[in-house]
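Okay, so here's the structure we're looking at.
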Amino acid sequence: MVNIETKLTGNMLQGLDKLIAAAGESTLRATGFAGAQVFLEEAKIRVPVKSGTIKANLIIKRAEEKSSGADKQTYLVTVRSGKKGNDGDAFYWRWVENGHLIVGKKAKKAAWKAHRQAAKLEYGNSKIGAKPFIRPAYESVKDRAIDVMVIKMGQKIQSFLRESP
């Protein structure tokens, strides 16, 4: 039988305190954002482009309700959307991602023929299925995102430890 005993010295405890401080909220935020950036770039490559509105509205958003300081930071790669009818708004992105059967109402001044043609091009119709881009982007780069996050965390911790006395 082998008995191994270890003790933490003052210097070791000080080093652990520095490491814990280095892996704080700013490090976690930078690390999470770096991983999300990998997904964003891949989603921009995979998004179907008709007018470019969805691609232009792909964003990284920090989920504040799911983030908690130095314990956890959560980021979402999503599409900025608002109200239907605003120029440059990608309110319809979920229909592209998941497929759909319904096309929205026509604008008051638009002719039905022009509306239906625009709707087919932009939103699809009952014969056009889903054109997912978020999930496939995630699946294709999740390992690379982890690698990028590990590298970023290492860089942030090294930088913090160099700066601290």
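The values are calculated or read from the model by the stated rules, or taken from the named source; none is laboratory data. As the structure is a prediction and not an experimental result, all values here were calculated from the model. Reconstructed Cβ throughout: ideal geometry from the backbone, glycine too, with neighbour counts over all protein chains shown. The area values use the complete protein model at the heavy-atom level, side chains included, leaving out ligands, DNA and RNA. Shrake-Rupley method; radii C 1.70, N 1.55, O 1.52, S 1.80 Å.
The table for this structure:
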read-out: Residue within segment 6-23 that is in contact with a Lys or Arg (Cβ under 6 Å, 6 or more places away or on another chain), surrounded by 11 or more Cβ atoms within 10 Å (Cβ to Cβ) and at pLDDT 70 or above present; value: no
read-out: Single match in 88, 104 (criterion: assigned to a loop (DSSP other than H, G, I, E, B), at pLDDT 65 or above and touching a helix residue (DSSP H, G or I) at 6+ places or on another chain (Cβ under 9 Å)); value: 88
read-out: Residues satisfying the stated conditions in segment 112-135, i.e. in a helix (DSSP H, G or I), open to solvent by less than 90 Å² (accessible area, probe 1.4 Å) and either more than 19 Å from residue 49 (Cβ to Cβ) or at pLDDT 90 or above (or both); value: 114, 115
read-out: Segment 154-165 residues that are modelled with pLDDT under 80, paired with ones that are not basic (Lys, Arg) (beta carbon under 8 Å, 6 or more apart); value: 161/19; 161/22; 164/21; 164/22
